[in-house]
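Note sheet for the following structure.
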Amino acid sequence: MGFSTNLQGRAAHEALLSRQDAELRLLETMRRCITNKIKCDRDYAMALTTVAVQGQKIDRADELAGSLVAQAWKGMMEELENAGKLVKSNADLVEKETLDRLNALCTEKRKARKQYQEEHNRISQQFNTLTEEVIRKKSDYQKHLEFYRLMRSRFEEHYIKCFGRKPKPSTYLNFGNRQRCSHPVSQGETDYQNCKNCWGCSAGRGGRKLDDVRDKYQRACRKLHLVHNEYVLLLAEAEEHERDFRTVLLPTLLHQHQTVLEGFIVSWRSIMRELARLWNFASHQFSEVNTRTEGHLEIIKTTEEYKDFTEKNKTQPTEPVRLCFDPSLVDDTSGKLLANQLTVDNLTVEWVRSRMVDLEVKLKECQEKQAALHLQDTSDVAMHELRAENRRLLRQLDVIKKALNDLGCEELPVGCDLPLDNSLDNGQDNHTADILPPKRPSLPNTTLTGSSSLVDILRKPFRRKSVPSSPLIGRSEDPSSGVGLNDDVTIVAIEPSPSPPTLIVPDNTTLINNSINVQSLSVIGSSTRSLVEEEWFHGVLPREEVVRLLTKEGDFLVRETTRNDENQTVLSVCWGGHKHFIVQTTTEGQYRFEGPAFPTIQELIMFQYQSNLPVTGRSGAILKQPIPRERWELNNDDVILLEKIGRGNFGDVYKARLRTSNQEVAVKTCRMTVPDEHKRKFLQEGRILKQYDHPNIVKLIGICVQKQPIMIVMELVAGGSLLTFLRNNASTLTQKLMLFMCRDAAAGMRYLESKNCIHRDLAARNCLVATENSVKISDFGMSREEEEYIVSDGMKQIPIKWTAPEALNYGKYTSLCDVWSYGVLAWEIFAKGGTPYPGLTNSKAREKIDSGYRMPAPEGTPDEMYRLMLRCWEYKPESRPHFDQIFSVVDALCSSYR
Ligand code: ADP
């Protein structure tokens, strides 16, 4: 759509001019706005600089030295200042360059409009002039035409007058060519008819008059013809000019002007682009400022923020303010009042009682509030306040209870030597006076409350519950625990309050947890003990064991693991499954998860436990209940190795002594170099054994996983391995003893079968001989607690000669496989330690068994016993007897010796 074809008309021309005027006005508006914007930007830049300067002032404060937040803020302010500078320099650029360009464009456009208008006028004017000339020429033409007609009619009139007739057309035609005749006009000839060839001369018939008319006519005619020609030429010129104007001049002018205007649009757009670039707050330059601003924030590290500050302002821990009872106060009380001790006597008993009830009610309320807050997951401050109140109440109750304990249950001391009467009542109510003994000896307890003891009465409605004795609460105040008393920890349980039990830990922090078990509570809280001493520290207890111990949401324990030859401390928590968090060590050697760092792992765990904060934001895991070591998790240091008594698959076996009880034990050690996977297998034996209690099963005392080497502690079975015993005592072994040994083994195996335990390695070498030659089944390293166990990972180190065919062929283990092995064990016993299938290799023996071969009875084997062996070696497991049947048979055989 070009101007040249579409804007030729007059109206379009006017519109084009108006459009250019409008554009000029728009340019003017833009110029004004840009000028204003420049002003605004400069003001803004100045304001930003002022703010930045103001913001940087805080940096002068010395108290904030080393603060990363302050440092980051300073960086932010610097960037704010930079942003201000950028805004200003952009505003300068707009003024210097963009605005200049806009002004130039404005001028150019004005000029172009003017040129266009002038050119348009000029070519239009040319055409108009020519048109006017044509009109003029035409009217000239008409005038000459009229004059010619006049002259002609005059001539005709004269001619008719002279000749009586109208001139012939030829006369008109020849008129112009007529020769002047030779007749002299002076002769006066009148007869024109005689001058045939001369009709116009004076000698002709018309005379002079006709000649004049004839001349005038002739001139008019000539003039007319000339005008006519001029008119024709002028028209030709005008026609040509009109076509040129329409098809060449005007379109060319319009086209050129369009090109010029479009050229302006290119500059205009470029100016506006430049503006957009300089006004863009998301431009590369501003983005850089933003990126740098954000970069400043990166330096803020929660744990580093107060490092310098703490270092600089470090003080010694505040000395506790000792609030002591002044002993001089009780100097004159003849021992009735003791410093810092509650006095319970007939004067105060009622007060003590009401005070105690009062305190216990308050305690109950406090604990209920704590439980409610606990559920609400409310602020720490509120919880700590309640805990503090709880501690205060408990402390007072303790003072009362101590006084009561000291008093015993029998009789109330008399507070005043003088008999009490109402006048000396000293504020006590009458009821008290009624029920209290007036003087020694004191009133029997029954006087007070029927059959209840004084202490019982005082303790209503809450009764103090003694803390159960347990190896785990060796630190409790209960002397009956038999383990060292630890004053640090006090356990108080109140009945019948539904409130959770409360624990006062050494730093006087009271811990409340709805689901906490009183015993486990004793294990949290001491930062004075080493980590290994903490009850919730489980050493290198394998993960499978850990998972088994953590059953409820919030259950947790701490353990150690080795990864890439590096020891790591791990917090294991039951929280939507089992989560294991590696304790991080900071560069300062402190310990942390995501939160604050602490100098000891105990403090870290204590913090997590008390704060109710998740260990990590992602896991949300909250520590609710510490899971203490189980009874059988012993301290490595409590085991003193004495002498080596054997050699096991994983390490040496020692005779040892327990430091705590002096008991002699057998200890299986696991070499430190053994891979973790094997260590788990090693501990498997302990895990299985710990549930069993039978005279013919070796007893587990515990496992030591606090540190390396890990150990399994068992009862010491003095006679050692049965195989060695048989071989060493072959000459003296009696049939009776051998039968009893078989009976013991059957009894042990019957027990195992009843527990769904498959031993998988029953053999004389894995049985032990105890006092009085009784036999105990040992070595549970391959055992499985399943009815049926299918081996899927190959059959490495299988005792071929003791293993049933279905286990060898299909890896399928049941107790009936143990029955097969029992047959071989019985054979070993009667063979006095002989090797089964003598002279045969493992594979040969296996081959022969598959082909139906069975070992013959060793010499001296009772027939019944050999028959039993053969039944144990039935190829099909279902044809073999179960251990209860075996036991019955062997027991029956033994009975003949009793
Ligand atoms: P492993 O299961 O690692 O092969 P064993 O249970 O066979 O280890 O023990 C190796 C040796 O250590 C036994 O043959 C025995 O002499 C001795 N032994 C193992 N346990 C005891 C124990 N409870 N009392 C006495 N000696 C033991």
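Numbers for the structure displayed
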quantity: Three-way shape call for segment 633-715 based on the alpha-carbon gyration tensor, with the a/c threshold at 1.5; calculated: rounded
quantity: Reachable lysines from Lys74, criterion Cα separation under 22 angstrom, eight or more residues apart if same chain; calculated: Lys57, Lys85, Lys88, Lys301, Lys307, Lys312
quantity: Charge dipole magnitude, Cβ of K and R +1, D and E -1 - segment 722-895, Cα centre, debye nearest 20; calculated: 480 debye
quantity: Modelled FRET efficiency - R0 30 Å, Glu553 with Gln691, Cβ distances, 0.05 increments; calculated: 0.70
quantity: Whole-Hz ³J(HN,Hα) from phi, Karplus 6.51 cos²θ - 1.76 cosθ + 1.60, for segment 2-19, glycine and proline x; calculated: x, 4, 4, 8, 9, 10, 7, x, 4, 4, 5, 4, 4, 4, 5, 5, 4, 4
quantity: Per-residue HN-Hα couplings for segment 85-94 [Karplus 6.51, -1.76, 1.60; θ = phi - 60°; Hz; x = Gly/Pro]; calculated: 4, 5, 4, 5, 5, 5, 4, 4, 4, 4
quantity: Label-to-label distance, nm, for residues given as Asn649 and Glu864 (7 Å Cα→Cβ offset); calculated: 3.6 nm
quantity: Computed magnitude of the charge dipole of segment 43-102 (debye, nearest 20; Cβ of K, R +1, Cβ of D, E -1); calculated: 0 debye
quantity: Per-peptide average of other Cβ atoms within 10 Å, ordering 327-338, 753-764 highest first; calculated: 753-764, 327-338
quantity: Relative exposure of Val583, Val87, Val667, Val532, judged by other C-beta atoms within 10 Å (fewest first); calculated: Val532, Val583, Val87, Val667
quantity: Long pairs among Lys137/Lys223; Lys668/Lys801; Lys362/Lys401; Lys143/Lys216, criterion Cα-Cα beyond 18 Å; calculated: Lys668/Lys801
quantity: Point-to-point label distance, Ile300-Cys40, nm (Cα→Cβ direction, 7 Å offset); calculated: 3.1 nm
quantity: Shape of segment 327-406, Cα gyration tensor, a/c cut at 1.5; calculated: prolate
quantity: Fewest-first sequence of Met1, Met749 by Cβ atoms within 10 Å of each Cβ; calculated: Met1, Met749
quantity: Sequence ranges 255-261, 288-294, 728-734, ranked by mean other-Cβ count within 10 angstrom, highest first; calculated: 255-261, 288-294, 728-734
quantity: Residues with amide H under 5 Å from that of Asp652, placed H, sequence gap 5 or more; calculated: Thr669
quantity: Neighbour-count ranking [beta-carbon atoms within 10 angstrom, fewest first] of Glu360, Glu566; calculated: Glu566, Glu360
quantity: Label-to-label distance, nm, for residues given as Glu132 and Leu93 (7 Å Cα→Cβ offset); calculated: 5.8 nm
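Values quoted throughout were computed directly from the atomic coordinates according to the rules given, and no laboratory measurement underlies them. Please read these numbers as outputs of a predicted model, since none were measured by experiment. With ideal geometry, Cβ positions are generated from the backbone for all residues, glycine too; neighbour counts draw on all protein chains shown.
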